[in-house]
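Notes follow once the structure below has been shown.
Each reported figure results from applying straightforward, stated rules to the coordinates on display, with no laboratory input. Bear in mind that the values here come from a model prediction, so they are computed numbers and not experimental data. Note that each Cβ is placed from the backbone with ideal geometry, even for glycine, and that neighbours are counted across all protein chains shown.
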Amino acid sequence: TPRVFSGIQPSGHLTLGNYLGALKRFAERQDQGVETVYCLVDLHAITVWQDPDALRQQTREAAAAFMAAGIDPQRSILFNQSQVPAHAELAWLLNCVARLGWMNRMTQFKDKAGKNSEAVSLGLYAYPALMAADILAYHATHVPVGEDQKQHVELTRDIAAKFNHDYGVDFFPLPEPVIEGPATRVMSLRDGSKKMSKSDPSDASRINLTDDADTIAQKFRKARTDAEPLPGDMDALKDRPEARNLVNIYAALANEAPADVLARFEGQGFGSFKPALADVAVSVLGPISGRMAEFLADPAEIDRILGQGAEKAEGISSPITARTREIMGMILSR
Ligand code: TYM
């Protein structure tokens, strides 16, 4: 049976990239008759330093963002990772399956560790094996993610296949990455070669889901672009990453094909495109930030929802990890 699993790190304010690349698509999947499991991956967040009070707040904020984007905790399982023991447990078991050579090829680790790779946490290095555990603990078949997570889902497939092969079982299904739509890689507003990221030091590089209408309009107005007018088709934007990014953002927000957006704005400059883009963004994000604020007014209720989701998540994942241990030869007598 198909089961969707995905996660988001509560390591800062969620961005427009997280919304278009992930949340919006998570909500769409909910109505397609498959089981959907969505996780706030706080264990992943602590691979880099998180102030404890800030982490708690960011986790509630991310939960509010999920619900404001249309994820319904009655129809989807929504929970924070650390409340379900299967994640850390299976991560250890899979640490013993994954090979160092595979981990060494992870581009996100190389980017995050930079030149100072001796000083980063061991957790940052093991991060992709924890992500594999998240997915495999639910026998998930489909993993909707942005482009930047593709390599991690492929690693998950490699780990699952090696486990099945080494133990001579057909236990873990190989999960498919699902990377679809015009916004699988939303770029920074300041640099068309970098992805929009919650951890970018420049707040002007991203739209946060909590930004108000004026801030959104101002950030798009100041977004880096070139001086050319918009062309009639996407091919002509091949070497104009900033322009292409803004057209893709518009298309994703308006639920239109990028080609249709260009057909309408062909020949116009950014002086007219940017305000139109800001209008669409405000019309989509305004209601979301409004609903987020309503949810955040009752943090105890958010915590209750996450606890309920964790119970449901544990119901699925705990038999799977127990069986994994048994397959590996560990005594299971309770
Ligand atoms: P994270 O928290 O960096 O991002 C959450 C999701 O948002 C997508 N995303 C983007 N999509 C388009 N454009 C962008 N600029 C952009 N920035 C982020 C990401 O691709 C992701 O889908 N390791 C994961 C979290 C994770 C996970 C998992 C995901 C942990 N366990 C299991 C799937 C399954 C991460 O750091 O995502």
**Asked** Restricting attention to the alpha-carbon atoms of region 203-294, what are Rg (one decimal) and Dmax (integer), both in Å?
**Response** 13.3, 43
**Complete:** With Cα coordinates, the longest principal axis of the chain makes an angle with the long axis of helix 86-95, in degrees rounded to 10, of 80
**Item:** Highest-MSF residue in the chain out of I135, I316, I159 [GNM, Cα springs under 10 Å]
**Value:** I316
**Request:** Give K198/K274; K110/K150; K150/K198; K162/K198; K24/K195; K110/K274 a once-over and call out the pairs whose C-alpha atoms are over 24 Å from each other.
**Result:** K162/K198; K110/K274
**Options F109, H87, T36, ranked by Cα towards positive dipole end of region 25-129, top entry (Cβ charges)** = F109
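By DSSP, what percent of the beta bridges with both residues in the chain are antiparallel, rounded to the nearest 5?
10
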**Message:** On C-alpha positions alone, give me the angle between the axis of helix 150-166 and the longest principal axis of the chain, in degrees, nearest 10.
**Reply:** 20
**Whole-Hz couplings from phi, Karplus 6.51/-1.76/1.60, listed for region 317-334; x for Gly and Pro** = 7, 5, x, 5, 6, 4, 5, 4, 4, 5, 4, 7, x, 8, 5, 10, 10, 8
**Choice from V84, V97, V143 with maximal GNM fluctuation in the chain (Cα, 10 Å cutoff)** = V97
**Request:** Would you kindly derive the ³J(HN,Hα) couplings of region 290-301 from the backbone phi angles with the Karplus curve 6.51 cos²θ - 1.76 cosθ + 1.60 (θ = phi - 60°), listing them in order in whole Hz, with x for Gly and Pro?
**Result:** x, 5, 4, 4, 5, 4, 5, 5, 10, x, 5, 5
**Local electrostatic count, G21, Cβ distance below 13 Å [Lys/Arg +1, Asp/Glu -1]** = +3
**Item:** For the chain, calculated [θ]222 nm from helices alone, where every DSSP H run of n ≥ 4 adds -39500 (n - 2.57)
**Value:** -16000 deg cm²/dmol
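Explain nothing, just the number: dipole magnitude of the chain about its Cα centre with +1 on each Lys and Arg Cβ and -1 on each Asp and Glu Cβ, in debye rounded to the nearest 20. Provide the component values of the computation, followed by the final result.
Values: 36 positive and 43 negative charges, 123 e Å.
Approximately 600 debye in magnitude.
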**Message:** For a quick check, take a GNM of the chain with Cα springs below 10 Å and name the residue from S188, S199, S272 with the largest mean-square fluctuation.
**Reply:** S272
**Prompt:** ³J(HN,Hα) across region 104-116 via Karplus (A = 6.51, B = -1.76, C = 1.60, θ = phi - 60°), whole Hz, x for Gly/Pro?
**Reply:** 5, 8, 6, 5, 5, 4, 4, 5, 6, 6, x, 7, 9
**Message:** Tell me the angle of helix 241-254 to the major Cα principal axis of the chain, expressed in degrees between 0 and 90 and rounded to the nearest ten.
**Reply:** 80
**Asked** Amide H neighbours of K195 under 5 Å, counting only residues 5+ apart in sequence or on other chains, H built in-plane at 1.01 Å?
**Response** S188
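Can you classify the chain as rounded, prolate or oblate using the Cα gyration tensor, where a ≥ b ≥ c are the square roots of its eigenvalues, rounded means a/c under 1.5, and otherwise it's prolate if a/b beats b/c and oblate if not? Walk me through the intermediate numbers first.
Working: a/c = 1.92, a/b = 1.64, b/c = 1.17.
Prolate is the answer for the chain, as a/c is 1.5 or above and a/b outweighs b/c.
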**Asked** Sequence-distant or interchain residues sharing an amide H contact under 5 Å with E176, placed H: which?
**Response** H142, V143
